[in-house]
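Trainee: The structure is given below, and queries will be raised subsequently.
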Amino acid sequence: MLGAVVGDVIGSVFEWHNNKSTDIKLFDRFTRFTDDTVLTIAIADAVLSKKKNSNWLIDYYYGQKLYANKLRQYAKWYPGVGYGQKFEEWVANNSSKGYRSYGNGSAMRVSPIGFAYDSLEEVLRESKRSALVTHNHKQGIVGAQAVACAVFLARKNHSKTEIQDFIMDKFRYNLNQKLDEIRPKYAFDSSCQGSVPQAIIAFLESSNFEDAIRKAISIGGDSDTIACITGGIAQAFYKRIPNNLVSEVMLRLDYKLKEIIALFNTKYNIKH
């Protein structure tokens, strides 16, 4: 899931200053992590903390509560990094229910689940649970499941064609468009249905990890989140993130965030 963090950090300066080109400077003095990084790492921490229980009903409710608790905990630890208004209200009121969001927040934070679980059934189940605590709208759930499945299939060495076909068949996303067709008219859209397919297409058209991030940012719109989604899938597929990108991103993270990334990578034997 480090790829998602790298995508978010690089994309952070382009969210409100879109640059519809792949010829961009990847880092500058304003480059930083946003809510996408914080909540991705919160989900990773939840996955690391999750207790398996033979009673599926207990496991179901425990798992959902754990996702909610970690999201709240990290949002309180890292305030003011770009959370949506509805999410901030959810954090403050301690509600156990989602707020019917179909925004891409459920999709941008879900990549750890695609790395951690060993079957599509588990990935579909856990990505739904992680979404439901906030994004309990059908599209919010679908967005999270689509990204988690793409990460899982990429990690399991499926081809881009196989990943594309599965996502289109299972979730009815149109992945037949090309970036050159999307880019000219694409505007800011923070919904799952308006950003997840575009992020997956950026991965499908890429030739390596860095190229995937550059292509994701070149779409415009919600650049940090699109690059975050693309980055998680790209890491799973290409198996490597260039060392210079990792080094630059790590300079911008604090000890706690880096600690969870390291623990997660060790637990699930993820190389970068």
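Quick note: the coordinates plus some simple rules give every number you see, no bench work behind them. Everything numeric in this text was worked out from a predicted model, so none of it was measured. As a convention, Cβ positions derive from the backbone with ideal geometry for all residues, glycine included, and neighbour counts pool all protein chains shown.
Trainee: State the Cα centre-to-centre distance between the range 110-141 and the range 244-272 in whole Å.
Mentor: The distance from the Cα centre of the range 110-141 to that of the range 244-272 comes to 22 Å.
Trainee: Residue 272 to residue 76: extension gain in nm, 0.36 nm per residue of separation minus the Cα-Cα distance? The partial results should precede the final answer.
Mentor: Values: separation 196, 0.36 × 196 = 70.56 nm, distance 2.91 nm.
That works out to 67.7 nm of additional length.
Trainee: Let me see the P(r) profile for the range 136-238: every Cα-Cα distance counted, bins of 10 Å, each bin given as a percent of all pairs.
Mentor: The distribution over the range 136-238 is 17, 55, 27, 1, given as percents.
Trainee: Name the residue farthest towards the positive end of the dipole of the chain from the options 24, 164, 212, assuming +1 on Cβ of Lys and Arg, -1 on Cβ of Asp and Glu, about the Cα centre.
Mentor: The residue sitting most towards the positive pole is 164.
Trainee: Which value, in debye to the nearest 20, describes the size of the charge dipole of the range 2-267 about its Cα centre when Lys and Arg Cβ atoms bear +1, Asp and Glu Cβ atoms bear -1, and nothing else is charged?
Mentor: 620
Trainee: Within the chain, which complete DSSP H helices have Cα atoms spanning at least 15 Å along the helix axis and a mean Kyte-Doolittle hydropathy of 0.5 or higher? Mind dumping the intermediate values first?
Mentor: Working: long enough: 35-49 (21 Å, 1.18); 56-77 (31 Å, -0.88); 120-132 (18 Å, -0.58); 138-155 (25 Å, 1.06); 160-171 (16 Å, -0.50); 223-238 (21 Å, 0.81); 255-267 (18 Å, 0.04).
In the chain, the long hydrophobic H runs are 35-49, 138-155, 223-238.
Trainee: Here's a follow-up. Only loop residues by DSSP count here, and only those with at most 14 other Cβ atoms within 10 Å; note down the chymotrypsin sites (Phe, Trp or Tyr not before Pro) in the range 182-237 that meet that.
Mentor: In loop regions of the range 182-237 (DSSP not H, G, I, E or B), the sparsely surrounded chymotrypsin sites (Phe, Trp or Tyr not before Pro) are 188.
Trainee: Could you give the C-alpha radius of gyration of the chain expressed as a fraction of 2.2 N^0.38 Å, taking N as the number of residues it contains?
Mentor: 0.90
Trainee: Now for a separate question. Using alpha carbon coordinates only, what is the Rg to Rh ratio of the range 185-272, with Rh defined as the Kirkwood radius?
Mentor: 1.00
Trainee: Using Cβ counts within 10 Å as a stand-in for footprinting exposure, how do 17, 137, 272 rank, fewest first?
Mentor: Sorted ascending by nearby Cβ count, the order is 17, 272, 137.
Trainee: OK, next. Taking the beta-carbon count within 10 Å as an exposure proxy, list 228, 149 from fewest neighbours to most. Before the final figure, lay out the partial values.
Mentor: On the way: 228 36, 149 23.
So the ranking, lowest neighbour count to highest, is 149, 228.
Trainee: What is the dipole size for the range 97-188, taken about its Cα centre, with +1 at each Lys and Arg Cβ and -1 at each Asp and Glu Cβ, in debye to the nearest 20?
Mentor: 400
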